[in-house]
Amino acid sequence: MSGPTSTRATRAIGIATIVGLIWFVAFGLFLSPDDAVQRKGVRILYIHVPSAWLAYLAFIVTAVSSAAYLWKRTRSLTWDRLAGASAEVGVLFMGITLLTGSLWGRVSWGVYWVWDSRVTTTAFLFVTYLGYLAVRGLGGSHEQRARRSAVVALLAVLEIPLVHFSVEWWRPLHQQESIAKGKLQNLMLFSLFVGVIVFTLLYVWLVMHRQRVLAMQDALDDRGLEFAIAERRQEASL
Amino acid sequence: MTSFAVTKLVAAKDLRIELRSRVLINQVLPFAAITMVLFAFALDQDDLLVRVAPGLVWLATLFSMLVVVQRSFAVEAGDGALDALRVAGVPAQGIYFGKAAALAVQLLVLETLLFAAAFVLYSSRFDGAGVFLLITSALAASCGLGLVGTLYGGLTTGTKGRESLLPLLLLPVVAPVLIGATRATEAALGVGRISMQEGWAWVALLVTYALLFGIGGSIGFGPLVDDTA
Amino acid sequence: MKTGFVILSYVATFGGIAILVAVMMRRARSMSARLPPEDQPWT
């Protein structure tokens, strides 16, 4: 699967991802044992935990890239597009986290949702970054978009601990819930490990492609403007 | 002109505009009151209403706040006043804190009236000891809301349908205020199993929130309003 | 029954990602066709 945004690097990472994916499904679905308490349900965690970690990583990348854009010495639209691409992939992984978490909750406790601090903060993060993506779509020049989104991303970094603390005080995590994820032995830990590797590769691959697509989009916007000006000039000279 | 002088001037200007136009009294307050009535229709149990009154008051405040924030920036948009101020070199921080202060004052007025409505509509009762906690928590919450509202209001003001983005951006951000203010109010009113001490702990959270967003907002407001498109 | 949920989570996750990747590739192809090579410096 080679497209216009592929390079040797992305092809290599892409192949590694697919190989990893095969291992992951093999171990996650078949080769690892059922958990003593949770039985098959634990297999959902092999997706849920890595995608949560990568979603948080993605948002950290967005925040750092936003700061890099705002700092004059490193100002470059590449940082802005990296922030945007990473946020999009982060929203995707956050969605997967919420979906698989909900299904896992249904399998383990019979409920699709709990109002505890972890779940609530995750849902909150999801909505916050949807807002960030909406701000990116507000229009204006590339630089205006970049500065606006960068400030919003850094404000989000400020909000998230506040929300996490207030929700944690409101609904403290009970002992039982952390035990539920308790002890994983060997092959299960390995499946989780493979999951983290696969999702990390997937994240890098997606962000590289997406960032280049955003660059093409910006270039098209710029060209579009030049083209429109050229058309006007032609009309004027007729 | 110092930032502080600008703050006082901008706050006074915004409040004077509100006094003359009476948008808060004529439009926002009725909206908030109707919201409180609709809650009663939706929840349908009188004994439940007393129990959830704090949450309902703060919910009505937050929804009304969206209107008040948009109004706060609409008064600038007409003549491009905000841009004119910035181009003239007026410090963004001064404008930010001035508008935030005016917004906080308007919210406090709104909250007072909403608590009065709760007294009537939901049979909420206020006892002496709790009143101090109630007032303090309302003050802390309103400061936080004023700061955050002005910040995101500045971002979403302007043309091309940006205003519809305000609820999506603002409501998640004010979640800690909703949680903290509601818990503190529950403690103050003696509903729910929450002690006064816990109520004061929540006030501490509200103050922290206001401080953090005061700092973050004073830095971020300038860059956010300086771009116009 | 539990197996159903497990399968669903794997299918939804990787199926969803695959669909999004396909959509992204298609848009990339159409954009790339309209742009000169100097606007695509990674190739």
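Rule-based calculations on the coordinates, nothing more; no lab input. No experiment lies behind these values; they were computed from the predicted model shown. Reconstructed Cβ throughout: ideal geometry from the backbone, glycine too, with neighbour counts over all protein chains shown.
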Say a paramagnetic label sat at a point 7 Å from the Cα of residue A:7, along Cα to Cβ; which residues of segment C:9-43 have their backbone N under 12 Å from it?
C:40-43
Each label sits 7 Å from Cα toward the beta-carbon; between residue A:220 and residue B:77 the label points are separated, in nm, by 3.0
Rg over Rh [alpha-carbon atoms, Kirkwood Rh] for segment A:76-161:
1.09
Sites matching trypsin sites (Lys or Arg not before Pro) across segment B:1-89 that sit in DSSP coil, with at most 13 neighbouring C-beta atoms within 10 Å:
B:22
For segment A:8-237, shape from the Cα gyration tensor axes a ≥ b ≥ c, cut at a/c of 1.5 then a/b versus b/c, turns out prolate
Shielding by partners for C:14-20, please: the mean number of other protein chain Cβ atoms within 10 Å of each residue's Cβ.
3
Would you mind checking which residues have amide H under 5 Å from residue A:34's amide H? H placed 1.01 Å from N; only 5 or more apart, or other chain.
none
Hey, got the average number of other protein chain Cβ atoms within 10 angstrom for residues in B:198-207?
1
Neighbours of residue B:85 by Cβ distance under 14 Å: Lys/Arg at +1, Asp/Glu at -1, summed charge -2
If I model a spin label at residue A:196 and residue A:230 as a point 7 Å from the Cα along the Cα→Cβ vector, what separation in nanometres do I get?
5.2
Let's test the formula: R0 of 25 Å, r as the Cβ-Cβ distance of residue A:106 and residue B:48. What FRET efficiency results, to the nearest 0.05?
0.30
Would you mind working out the magnitude of the charge dipole of the protein assembly as shown relative to its Cα centre, with +1 at each Lys and Arg C-beta and -1 at each Asp and Glu C-beta, to the nearest 20 Debye?
1000
Over segment B:3-222, relative contact order from alpha-carbon pairs under 8 Å, at least 6 apart, %:
27
Taking a ≥ b ≥ c as the square roots of the Cα gyration tensor eigenvalues, with a/c under 1.5 meaning rounded and otherwise prolate when a/b beats b/c, else oblate, which class fits segment B:105-179?
prolate
Show me the chymotrypsin sites (Phe, Trp or Tyr not before Pro) within segment A:107-141 that DSSP assigns to loop and that have at most 12 other Cβ atoms within 10 Å of their Cβ.
A:112, A:115
When the helix-only estimate is applied to chain A (DSSP H runs of n ≥ 4, each -39,500 (n - 2.57), divided by the residue count), what is the mean residue ellipticity at 222 nm, nearest 500 deg cm²/dmol?
-28000 deg cm²/dmol
Angle, helix A:142-170 long axis vs. longest principal axis of chain A, Cα atoms, 0 to 90°, nearest 10?
20
Prolate/oblate/rounded call for the protein assembly as shown, Cα gyration tensor, a/c under 1.5 rounded
oblate
How crowded by other chains is B:213-223, given as the mean number of beta carbons from other chains within 10 Å of each beta carbon?
3
Just flag the chymotrypsin sites (Phe, Trp or Tyr not before Pro) in segment A:1-73 sitting in loop per DSSP whose Cβ has no more than 16 other Cβ atoms within 10 Å.
A:71
